Amino acid sequence: MIFQKQKPATPWLLVVLFAIVAVSSILLGIIYYRSHKKSLVRDTGLELSAIADLKVNQIAQWRNERLGDARLIGGNTPFVRLLYNYLHEVNPSGLYSDVDASLKSIAGQAEYKNVYLIDSLGRVRGTFPGSDSLFDENLKEIFPDLLKLRTGILTDFFREKNNSPIHMNLVIPLVNTWRDDSSDLGVLEVVPGR
């Protein structure tokens, strides 16, 4: 008897079954990946939108607080009268300590770096914390319009020199309620990020 080696029969059923399982696993993986990617993009978009809304609300609240400060300061008649007397006295040296204390009190808030008292001609007549601060010279160009205001405004961001920090000003017209005009102007320099 001669024995011949017979090749075992190829299990085509197992090969086909393996191919079907492999292809279906790959397809399910691709489908899962795409759906998970869409879900992540959607969720991340919602999170970023929520953060943006919070930041917009935060900036609006900050702006409203600054304008509220402007209304409070500009509407304080005894304070405005003190500043008016200081600016219009022939010898205001007796009022200097009161004005300096008032400007120091305003600048004491965390958001205000400098406070300038400016007369109607655009001359800086008082500063706190001192005279080494920068002042936006561009404000002098728009003084006639600023003097007509009845409420405070926030200026645009500006940089006085290339290496100086970015600033913005809170401009407060000091309205003489006893004369009903805005002959003088107070400026608070606001430094963002403080």
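The values are calculated or read from the model by the stated rules, or taken from the named source; none is laboratory data. All values reported here derive from a predicted model rather than from experimental measurement. These accessible areas exclude ligands, DNA and RNA; they are computed on the full protein's heavy atoms, side chains included. Shrake-Rupley method; radii C 1.70, N 1.55, O 1.52, S 1.80 Å.
If the cut-off is a Cα-Cα distance under 22 Å, which lysines reach LYS104, setting aside same-chain residues fewer than 8 apart in sequence?
Output for LYS104: LYS113.
Give the lysines whose C-alpha is closer than 30 Å to that of LYS38, dropping any in the same chain fewer than 8 places away, or say none.
Partners within reach: LYS55.
Multiply the residue separation of LEU121 and ASN85 by 0.36 nm, subtract the distance between their alpha-carbon atoms, and state the gained length in nm to one decimal.
Taking LEU121 through ASN85 to full extension adds about 11.4 nm, to one decimal.
What Kirkwood radius, in Å to one decimal, follows from the Cα pairs of the range 1-86? Please list the in-between numbers first.
Details: mean 1/r = 0.0477 Å⁻¹.
Kirkwood hydrodynamic radius for the range 1-86: 21.0 Å.
Using a 1.4 Å probe, how large is the accessible area of THR10, given in Å² and rounded to the nearest 10?
It works out to around 80 Å².
Work out, in µm²/s and without decimals, the Stokes-Einstein translational diffusion coefficient of the range 34-152 at 20 °C, 1.002 mPa s, Rh from Kirkwood over C-alpha pairs. Each step should come with its number before you reach the end.
Working: Rh = 17.6 Å.
Roughly 122 µm²/s, to the nearest whole number.
Keeping all protein chains in the complex and leaving out DNA, RNA and ligands, what accessible area do you get for PHE157 with a 1.4 Å probe, in Å² to the nearest 10?
Approximately 130 Å² of PHE157 is accessible to the 1.4 Å probe.
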